[in-house]
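K.L.:
Take this structure, written in C-alpha cells, and hold onto it; I'll ask about it next.
The values are calculated or read from the model by the stated rules, or taken from the named source; none is laboratory data. Quick caveat, the model's predicted, so the values are computed rather than measured. As a convention, Cβ positions derive from the backbone with ideal geometry for all residues, glycine included, and neighbour counts pool all protein chains shown.
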Amino acid sequence: MPWTRVVVALHADQAELVADRLWAFGPAAIEEQATAEGTVLLAGFAEASVAAAAAVAVDALTGAVPGGPGSARAVPVDDDGLDGWRAWARVEPAPPFLVVPTWLAAPAPAPGVHLLHIDPGRTFGSGSHPTTRLVLGRLGALVAAGTTVLDVGCGSGVLAVGAALLGADPVEAIDVDEGSPAATAANADRNGVADRVHASTEELATVAASGRRYDVVAANLLAPVVVALADDLVRVVAEDGALVVSGLLEDRWAEATDRLVGLEVVDVAAAEGWVAVTLRRRAPSRR
C-alpha cells in the first residue's frame, strides 16, 4: 500500500503542539522544515485513513478550515514515506562537529572539527534539526576524555556518538524505539567509537533506580516528555553533573525546566525558535 504524508504549514510557535497531536496518530516519522513564512511539518503514515483522521484532528486543533490556508493536507507519496528526504540531505555544521549523511561525500574538516557520520536508518535523528545541533554544541563545551554520558531518547545515536568522539567513556544511549539500538550501534561503528557506546531500550526509570549517575545527560525530547520524565532525569545526573534538555520552544522552555527540581539553569542556547537548556547539579559545599 502507498504511504500518505500529512503536510501542515504553520507558525513556528505552533509546531510543538501540532507535532504532539500528529504523534497521537502513530506516524512513522515527523519531519520539520523551516520556511520563510514559518514551519512545515510532514508526517508519514502507512494507512491513508489514519492520515486523513490526523489531518482533521490538526485542523480542529488549529482552527483552520479544511483545504484553507494553514490547514493540514493528506497527500499520497511515491516512496515509502521514510526515505524520500535523503535526496535533500546535506552536511550540517554543528560546531564542534560537521554532521555528514553517510551517502554524501565528507568535506575536509577545519582544525578542531569532528566529522560525525550518520545514517538514521528508520529511526529519528539525522542531525539536521536545530535542537540536535544545539545539543551537539553544548556537548562540545561539557564533554572531555573520560566524561560519562547518558543519551535519553537516542534515536540514531547522533548525540551519543558525538559525545564519544569528544572522548566520553562510557556512553549509554537509551530509547523506547526498538530500532534505535541497532541504528546507534551502526553509527558508533562507522565513527570508530563502538567500544564506548552501549545502546539499549532500557527505560529511564530503570536506569535511575539502578543508581547509575552520569557527568552529562543529554535529552533531546519534546517538552511534554521532559515534564513526564523530569524526576528521573534529575536522578541520573551526578553530583556537579549537567543535564542538557532540548526539543523546547524558545518562548516557553521554562514550563518544562521548572519541573527539573534540584538543578539550576546555567545556559540557554537558541536557534530557529528552539532552545537547548543546560542545567547543573551543584555539589554540596564542604565546611
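K.L.:
From the list Ala242, Ala283, Ala238, exactly one residue is over 28 Å from Glu178 (Cβ atoms), among the small types (Gly, Ala, Ser) and modelled with pLDDT under 95. Which is it? Spell out how you get there, then give the answer.
P.N.:
On the way: Ala242 fails: modelled with pLDDT under 95; Ala238 fails: modelled with pLDDT under 95.
Being over 28 Å from Glu178 (Cβ atoms), among the small types (Gly, Ala, Ser) and modelled with pLDDT under 95 holds for just one of Ala242, Ala283, Ala238, which is Ala283.
K.L.:
Okay, moving on. Quick one: in region 205-224, which of the residues that are among the β-branched types (Val, Ile, Thr) and touching a Gly at 6+ places or on another chain (Cβ under 8 Å) is surrounded by the most Cβ atoms within 10 Å (Cβ to Cβ)?
P.N.:
Going residue by residue through region 205-224, those that are among the β-branched types (Val, Ile, Thr) are 206-207, 216-217.
Now drop any that are not touching a Gly at 6+ places or on another chain (Cβ under 8 Å), which leaves 216-217.
Working: Val216: 26, Val217: 28.
So, considering only residues that are among the β-branched types (Val, Ile, Thr) and touching a Gly at 6+ places or on another chain (Cβ under 8 Å), the one surrounded by the most Cβ atoms within 10 Å (Cβ to Cβ) is Val217.
K.L.:
Still on this model: Among the listed residues Val135, Val193, identify the single one that is among the β-branched types (Val, Ile, Thr) and not in a helix (DSSP H, G or I).
P.N.:
Details: Val135 fails: not in a helix (DSSP H, G or I).
After applying the criteria, what remains is Val193.
K.L.:
Any residue in region 168-184 that's in contact (Cβ under 8 Å) with a residue 24 or more places away in the chain and not assigned by TED's automatic domain parsing to the domain that holds Trp23: show its pairings with residues that are assigned to a helix (DSSP H, G or I) and β-branched (Val, Ile, Thr) at Cβ separation under 6 Å, as long as the two are six or more apart or on different chains.
P.N.:
Qualifying pairs under 6 Å: Ala173/Thr184.
K.L.:
Could you tell me which residue of region 23-37 is surrounded by the most Cβ atoms within 10 Å (Cβ to Cβ), considering only residues that are over 21 Å from Pro120 (Cα atoms) and at pLDDT 85 or above?
P.N.:
First pass over region 23-37, keeping only residues over 21 Å from Pro120 (Cα atoms): 24-25, 35-37.
Of the ones still in play, those that are also at pLDDT 85 or above are 24-25.
Details: Ala24: 10, Phe25: 18.
Ranking the qualifying residues of region 23-37, first place goes to Phe25.
K.L.:
Let me ask something else. Could you list all residues from region 233-275 that are within 19 Å of Leu150 (Cα to Cα), within 18 Å of the chain's Cα centre (by Cα) and part of a helix (DSSP H, G or I)?
P.N.:
Within region 233-275, Leu233, Thr257 qualify.
K.L.:
Moving on. Of the conditions (1) more than 26 Å from Leu249 (Cα to Cα); (2) in contact with a Phe, Trp or Tyr (Cβ under 8 Å, 6 or more places away or on another chain); (3) in contact (Cβ under 8 Å) with a residue 40 or more places away in the chain, Val75 satisfies every one except a single condition; which number is it?
P.N.:
Result: Val75 fails condition (2) only.
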